[in-house]
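Every number here is computed from the coordinates shown, using simple stated rules; none is lab data. Quick caveat: nothing in here was measured; it's all calculated off a predicted structure. So basically every Cβ, Gly included, is an ideal-geometry build from the backbone, and we count neighbours across all protein chains shown.
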Amino acid sequence: MRSIMIIGGGTAGWLAAAFLARALGPREAGGPRITLLESPEIGTIGVGEGAFPTMRSTLQFLGIDETHFIRSTAATFKQGIRFDDWLRAPGTGKRHSYIHPFEPPFYAEGLSLVPYWLQQDPRTRLPFAEAVTIQSRVVQAQLGPKGPGEGDFAGPLRPPKPPSRA
Ligand SMILES: Cc1cc2nc3c(=O)[nH]c(=O)nc-3n(C[C@H](O)[C@H](O)[C@H](O)COP(=O)(O)OP(=O)(O)OC[C@H]3O[C@@H](n4cnc5c(N)ncnc54)[C@H](O)[C@@H]3O)c2cc1C
C-alpha cells in the first residue's frame, strides 16, 4: 500500500489520518502517502466540544500533548450524558432520568461488574451507571468537565482538589 486518501476533513477524517500516519509510519521509513481531501463547500458538523475520557489513549498514541490539545481546541472531557424524560411520553406525570457513562464499566483484577449487575433483580437494582462506574457521582457533583487551568489527567477523572489551608 503506497497511498491512502481520506475523503472528508471532519473529526473522523482527521483522526483517521493522524492514526494511520502514526500506525503505518512516516514516508521516509516506507510508510504510505496519506492525503486528506476537504470540501471547500461542505462544512463540518463540528459542534462537539466534549471528548470521551478514552480520548486520552488516542492522544497518547498520536503523541499529542493532552493539555495543549484541550486548550487549542477549547474542548473538555465529558463524563457522561444525562437523559431526562426519554422513557415516557410527556404528560404521563411520571419522570425518568438516567446517565449514560462515557467510561467503560469498572474492572477489577480482570473481572467486569456487568454480569453481576445483570443478574440482579431489574426492579430493585441500582441504575447501570451508578452500579458499575463512578461517572454518575461525578456528574451529580458537577465535577465532570476539565478546567482550563488543569494539567493532563492521570486517569479518566480529574484528581480531587487538595484541602485548602486555613
Ligand atoms: C448537537 C450535536 C452535539 C454534539 N456534541 C458532541 C460532543 O460534545 N462531543 C463529541 O465528541 N461529539 C459530539 N457530536 C458529534 C460530533 O460533532 C460528530 O460526530 C463529528 O463531528 C462527526 O465528524 P465526521 O468527521 O463524521 O463528520 P463532519 O465533521 O461533518 O465531517 C465531514 C467532512 O466530510 C466532508 N465532505 C462531505 N461530503 C464530501 C464530499 N462529497 N467530498 C469531499 N468531502 C466531503 C465535509 O466537508 C466535512 O469536512 C455532536 C453532534 C451534534 C449534532
What is the dipole size for the chain, taken about its Cα centre, with +1 at each Lys and Arg Cβ and -1 at each Asp and Glu Cβ, in debye to the nearest 20? 320
Of Phe77, Ala129, Leu37, whose Cα points farthest to the positive end of the dipole of the chain (charges on the beta-carbon: +1 Lys, Arg; -1 Asp, Glu; origin at the Cα centre)? Ala129
Taking neighbour Cβ counts within 10 Å as the exposure measure, how do Lys94, Lys78 sort from fewest upward? Lys94, Lys78
How much of the DSSP bridge set in the chain is antiparallel, in percent, rounded to the nearest 5? 50
When the helices in the chain are scored as -39500 (n - 2.57) per DSSP H run of 4 or longer and the sum is shared across all residues, what 222 nm value do you end up with, to the nearest 500 deg cm²/dmol? -7500 deg cm²/dmol
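Sequence gap at least 6, Cα distance under 8 Å: using those rules, report the relative contact order of the chain to the nearest whole percent.
Numbers: 182 pairs, mean separation 29.1, N = 166.
The normalised contact order for the chain reaches 18 percent.
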State, as an integer percentage, the relative contact order of the stretch 31-97 based on alpha-carbon contacts under 8 Å between residues 6 or more apart. 26
